[in-house]
Amino acid sequence: MTWLDLVAVPLLAKICLVCMFPLSAYDKVVHWDEALAQAASGPLPFPALLLVLGILVETMTPVMIVIGWYDRAGAFLLAGFCGVTAVLFHRFWEFPGFWSRDGEGRAHFWDFFKNFGLVGGLLLVVIGGGYAPASQVVHHPLSSGPQAAEIRIPAAPARP
């Protein structure tokens, strides 16, 4: 296996998966008042403490994932953060007509499902084993499951 297979492609994938989180943390720091108002809009107490914890999660776990230091733990924590954020702060179902063009909850609908898309990607980091070499992906570009394996028909045993 090459450096491309083992390092470059997985590293790029992890960077793409988590690059938004440090920017989100920075945005929360720079726009503290707005972020605190959003945190206070949820059902949990101590919004300032939760906001600080959220900033720490969004800052530390992407680094853990990208450099591979407790990356599964970091991905699990970040997946939980995304799931909880979706359920607590993007409750699209509370807005009547959220699916209509000008529905007030339409943005929450998409943010809710984007968060759960991130949960899925992060859980793949948690459960993922070894990486598939780029050459294998090129050879079987549409599937990674058993259906992608080459079918080998064993030779019939010789009859005595």
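Through the Karplus equation 6.51 cos²θ - 1.76 cosθ + 1.60, θ set to phi - 60°, convert the phi angles of the range 101-115 into ³J(HN,Hα) values in whole Hz; use x for Gly and Pro.
3, 9, x, 5, x, 4, 5, 5, 4, 5, 5, 4, 6, 5, 4
How much accessible area per residue does the range 1-63 have, counting only protein heavy atoms and a probe of 1.4 Å, in square angstrom? Each step should come with its number before you reach the end.
Numbers: 4020 Å² over 63 residues.
Computed with neighbouring chains in place, this is 64 Å² per residue.
Round to a whole number: what % of the accessible area of the range 1-144 belongs to carbon and sulfur, probe 1.4 Å?
Details: 6710 of 9310 Å².
Using a 1.4 Å probe with all protein chains present, the range 1-144 comes out at 72 percent carbon and sulfur.
How about the range 1-107: which chymotrypsin sites (Phe, Trp or Tyr not before Pro) there lie in a loop by DSSP and see at most 11 other Cβ atoms within 10 Å?
On the way: sites: 3, 26, 32, 69, 70, 76, 81, 89, 92, 93, 98, 99; in loops: 69, 70, 98, 99.
Listed in order of number, the matching sites are 69, 99.
The values are calculated or read from the model by the stated rules, or taken from the named source; none is laboratory data. Here the structure is a predicted model, which means the values were calculated and not measured. A quick note on method: Cβ atoms are made from the backbone with ideal geometry, for glycine too, and the neighbour counts reach across all protein chains shown. Please note that ligands, DNA and RNA were not included when accessible areas were found on the heavy atoms of the full protein model with its side chains. Shrake-Rupley method; radii C 1.70, N 1.55, O 1.52, S 1.80 Å.
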